[in-house]
1. Am I reading the B/A interface right? What is its buried accessible area, both sides, 1.4 Å probe, to the nearest 100 Å²?
2. Could you tell me which helices of chain A pass both thresholds, a Cα extent of 30 Å or more along their own axis and a mean Kyte-Doolittle hydropathy of at least 0.0, with helices taken as whole DSSP H runs?
3. Roughly how much of B:LYS162 is accessible, in Å² to the nearest 10, using a 1.4 Å probe?
4. Return the carbon/sulfur percentage of the accessible area of segment A:85-351, one whole number, probe 1.4 Å, all protein chains in place.
5. Compute a Gaussian network model of chain A, connecting alpha carbons closer than 10 Å, and tell me which residue from A:GLY270, A:GLY279, A:GLY367 fluctuates the most.
6. Would you mind estimating how fast segment A:82-183 diffuses translationally, via Stokes-Einstein at 37 °C and 0.692 mPa s with the Kirkwood radius over Cα pairs, in µm²/s?
7. Step through the residues of segment B:105-117 one at a time and calculate ³J(HN,Hα) from phi using the Karplus curve (6.51 cos²θ - 1.76 cosθ + 1.60, θ = phi - 60°), rounding each to whole Hz and writing x for Gly and Pro.
8. Work out the mean other chain Cβ neighbour count within 10 Å for the residues of B:67-75 and drop it here as an integer.
Amino acid sequence: MKDLVLSLIAEGGALAGVPFSLAAPLVMVAFGALVVFGFVLPIAGITSWLERRVWARIQSRIGPNRVGPQGFLQWLADGLKNLLKEDIIPSAADKWLFSLAPYLVVVGFIATFAAVPFTSSLIIADLNIGILYITAVTGIVVVGVLMAGWSSNNKWSLLGGIRSAAQIVSYEIPAGLSVFPIVLLTGTLSMQGIIRAQGWAPWDWFFFYNPFTFAAFFVFFVAALAEGNRTPFDIPEAESELVAGFCTEYSGMRYLLFFLEEWGNLYVIGAIVTTLFLGGWQVPAFTDNPMLLAVAQFGTFFLKAYFFVFVAMWVRATLPRVRVDQLMTVCWKYMVPIAIVNMLGTAAWMLFVPETLGRLVQFGMTGLGAVVVVVFFRRVRFHLRRANLKPSDYYYSPII
Amino acid sequence: MSLAVVLFYAFAIFTVVSAAGVAFSPNVVYSAFALMGTLLGVAAMYVFLAADFVAMAQVLVYIGGILVLMLFAVMLTHRIATANISNRSVGRVPALLIVSGVGLIMGRAIYRTNWVLGTDLPDAPSTYAIGTGFLGTYVLPFELASFVLLAVLVGAVAISRKELRDAQG
């Protein structure tokens, strides 16, 4: 970012003559607006459409397919519809807090994008404390959810808000502890620094670095899903128990803002997982053209991050909701101890395992991962063959 | 006036106004939510002091943890918004004494401090200095603090565990 600002205010640049202290915030705000309106909002919307389509496929339904090609513009239609709807504030609700809560939730979520990297040079602010910043500002979302739950003056909402707060505060701990092994290994909290410490090849990713970071990945991903109120951890808005949880009383665009946060947050989860464990935007240096390289980096990062959005959809369509006590048991009795073991194990690994052995373990784990993927696909093929389907039963074409 | 100064005053006013909201709001729920503004404003002050790690720790611990815990307690209390306080004036004299005492001490500290106008604070990560400080110069206070926290944790578990409470009768 700094290089870009410096090139802009240099002789002949677009902002020539503007002092750095003014140009830097200007460029950052402009870029931030571009990220929010050109990336975050469309991504959240498209994810909402894609999620409904993916569930429909998994559950043998059709899903939204009327607006635009394959229903692709459904998210725009939904947004427009909700903007035009009446914004109802219940007469018994606390008017100010009720109106404020959705904005707080969205602010907490959009603020994370200030430290989410896109390519090696494209990031709003490569903070020294990037990953800590992302963990911290997510805390504002909790306050917003609690505010929504309390101000609605509705027992379902209050229960949903309290459940959400208990869940997010609990799952912050395994999630935070799973970041530690990576911070120990890299010695930095900066998102770009963490990515630079990895390589483009799978064996250079922290995912395959040692058994502890491998376990930390799963702990982090599950904890992040729980923090994002996703099924199987969506007890704050459990439809069968709480109507819609903390957003029961909301209508129109304010209601949609909560879901904007939920869908957009999926991409944030994917981006953090990609940064910490999967090598981020690292691509092999195949060309000297910086533009081409940036496009490849963006594509790599986006595909990796979006794959986890897809996994979250998958999980949501296949797993039933957990109970409150199961949720707490999973967090405190299993995930927190595992996360602590991961942290201590990684520290011991750094001290006692020689580099050549560590290298061998990386290759071995990558090979094992490849074998697992191959076995999985062979198994799928085997079952498809055994089912003896007619070609028409395969139903491969998604075009309906 | 540079942009940083404008931002500084904006954050300072924001902090003070929300702190006033915490102190003067008759509804304790509003006080709890206004506290979030105060804590965020203080985090912004840390950023101006180039203490990025402390700023984020402030947001993480105070907003993500302590404030949520307080909101939790406030929200679970029955009819807290319409609490009927019969005598509001009972605390006025002690409050006046305490506030004026604290004000005197703070005013004296502000007056006697030799203020230095920092021009360009280093943009380097503050985490290294904090880490080496904790495990170097200040290792004893650091370990003592963690020991106290551990004792508090064990104590909290001992108080809240049902079978232990029942066994003691």
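1. Approximately 2300 Å² gets buried when B meets A.
2. Length and hydropathy pass: A:130-151, A:155-186, A:252-277, A:290-318, A:355-386.
3. Estimated to the nearest 10 Å², B:LYS162 gives 130 Å².
4. Ligands and nucleic acids excluded, carbon and sulfur reach 71 percent.
5. In this elastic network of chain A, the residue with the biggest mean-square fluctuation among A:GLY270, A:GLY279, A:GLY367 is A:GLY367.
6. This corresponds to a translational diffusion coefficient of 212 µm²/s.
7. These are the phi-based 3J(HN,Hα) values: 4, 5, x, 4, 4, 5, 5, 8, 6, 8, 6, 10, 7 Hz.
8. On the way: counts 5, 10, 2, 0, 9, 6, 0, 2, 8.
Shielding by partners across B:67-75 averages 5.
The values are calculated or read from the model by the stated rules, or taken from the named source; none is laboratory data. Bear in mind the structure is a predicted one, so any value in this text is a computation, not a measurement. So basically every Cβ, Gly included, is an ideal-geometry build from the backbone, and we count neighbours across all protein chains shown. Just so you know, the surface numbers come from the protein's heavy atoms only, side chains and all, with ligands and any DNA or RNA stripped out. Shrake-Rupley method; radii C 1.70, N 1.55, O 1.52, S 1.80 Å.
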